[in-house]
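Please read the structure below before turning to the comments.
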Amino acid sequence: MSLDQSAQNQTPQPLPGLHVAVIMDGNGRWAQNRGWPRLVGHRKGAERVRELVNACPDLGIRYLTLYAFSTENWKRSTEEIMGLMSLFARYIKREAGRMNSEGVRMRVIGDRSRLAPKLRALFDWIETETEANDRMFLTVAINYGGRDEIRRAVQAVARDVASGALTPDAVSDTLLSGYLDTSALPDPDLVVRTSGETRVSNFLLWQAAYSEYVFTPVLWPDFSPETMRLILDAYRQRERRFGGVTP
Ligand code: IPE
Ligand code: IPE
Ligand code: MG
């Protein structure tokens, strides 16, 4: 097989552009600091998402991936979980029109099987509704965990090996990436975490192997496009060596 032919058999290459992933943390503390219920912080956080998505083209961000609900967040109260789920639904319904007019393609990553059928249907709907857009790619991680995603990918690979569709030797990094929820996305260039916590909390474990990290003390409900602009300025000063040496 020629090189050209083998390239055609691979997942389509993502379009060029900066990929920023954000662990949006600190909503609960932001609200509690003011004596308000945690959900008020989440509501404020959703407004910050809207602003940031709209600012992305100006900031030079082509791909924005947001961690909204982790596989560990089920440990929270039913009230908080239900409140978050209805915020996700409300965001999609309210923003669908604007996403289409701004050329935003939205996708949801994570394991949907544990989510309510109505919410799953809404995710399917917005993904289809915006699938022709390619100015910006918004990916929201809901019931997402990096380990869970890798486990699901490995199970799918194992099934394909068992059925004879794949040989064990064909399993490469690129092939495994194609089995992940993020198969259509480039790896993140930058991962930002707000709220001062300096951990990864199970986010994009495979994809962020060579990402730059920025940890900011700003709580997510206080995060603005200007905060992101300053972070990007700092990111652009960094030298990414990918294991090599400075020429
Ligand atoms: C938002 O911040 C992240 C979500 C899980 C939705 P938190 O709710 O974790 O806020 P803190 O960390 O308790 O302040
Ligand atoms: C990470 O924040 C998950 C999301 C932002 C959705 P958490 O608040 O759940 O993480 P931990 O518990 O501080 O590690
Ligand atoms: Mg938190």
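The values are calculated or read from the model by the stated rules, or taken from the named source; none is laboratory data. It should be emphasised that the depicted structure is a prediction, and the values quoted were computed from it without experimental measurement. Every residue, glycine among them, receives a Cβ derived from its backbone with ideal geometry; neighbour counts consider all protein chains shown. Calculation scope for accessible area: heavy atoms of the full protein, side chains included, ligands and nucleic acids excluded. Shrake-Rupley method; radii C 1.70, N 1.55, O 1.52, S 1.80 Å.
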Going by a ≥ b ≥ c, the root eigenvalues of the Cα gyration tensor, does the stretch 196-247 fall in the rounded group (a/c under 1.5), the prolate group (a/b larger than b/c) or the oblate group?
-> oblate
What GluC sites (Glu not before Pro) does the stretch 124-176 have in DSSP loop regions with at most 13 other beta carbons within 10 Å?
-> GLU131
Set the Förster radius R0 to 25 Å, insert the Cβ-Cβ distance between ARG229 and ARG98 as r into 1/(1 + (r/R0)^6), and round the FRET efficiency to 0.05.
-> 0.75
Percent relative contact order of the chain, based on C-alpha pairs within less than 8 angstrom and at least six residues apart?
-> 26
How far, in nm, would the chain grow between SER86 and ASP222 when pulled straight, counting 0.36 nm per residue and subtracting the alpha carbon separation?
-> 46.8 nm
Nearest-10 value in Å² for the accessible area of SER101, using the 1.4 Å probe = 90
Between THR139 and residues 5 or more places away or on another chain, which pairs have amide H atoms under 5 Å apart, with H built 1.01 Å from N, and which residues are they?
-> LEU64, THR65, LEU66, ARG107
In Å², rounded to a whole number, the accessible area per residue of the chain with probe 1.4 Å is 53
Pull up the cross-link candidates among the aspartates and glutamates for LYS75, meaning alpha carbon to alpha carbon under 20 Å and not fewer than 8 places away within one chain.
-> ASP25, ASP111, ASP148, GLU149, GLU197
Got a sec to turn the phi values of the stretch 54-62 into Karplus ³J(HN,Hα) couplings, 6.51 cos²θ - 1.76 cosθ + 1.60 with θ = phi - 60°, whole Hz, x for Gly and Pro?
-> 5, 8, 4, x, 5, 7, x, 9, 8
Can you tell me the FRET efficiency between ASP173 and SER201 if r is taken as the Cβ-Cβ distance and R0 is 22 Å, rounded to the nearest 0.05?
-> 0.40
Net +/- balance of residues flanking SER211 in space, Cβ distance below 10 Å, scoring K and R +1, D and E -1 | -2
At q = 0.09, 0.11, 0.14, 0.17 Å⁻¹, what is the log10 ratio I(q)/I(0) for the chain, with the Debye formula run over Cα points and no solvent?
-> -0.41, -0.62, -1.01, -1.46
Output the peptides 87-98, 210-221, 71-82 sorted from most to least packed, where packing is the average of other Cβ atoms within 10 Å over each peptide's residues.
-> 210-221, 87-98, 71-82
Crossing angle, helix 225-236 versus the chain [Cα axis fit, 0-90 degrees, rounded to tens] | 40
What value, in deg cm²/dmol to 500, does the helix sum -39500 (n - 2.57) over DSSP H runs of n ≥ 4 give at 222 nm once divided by the residues of the chain?
-> -14000 deg cm²/dmol
Applied in sequence order to the stretch 212-224, the curve 6.51 cos²θ - 1.76 cosθ + 1.60 (Karplus, θ = phi - 60°) yields integer Hz couplings, x standing for Gly and Pro, of 7, 10, 10, 10, 10, x, 4, 6, 3, x, 9, 7, 10
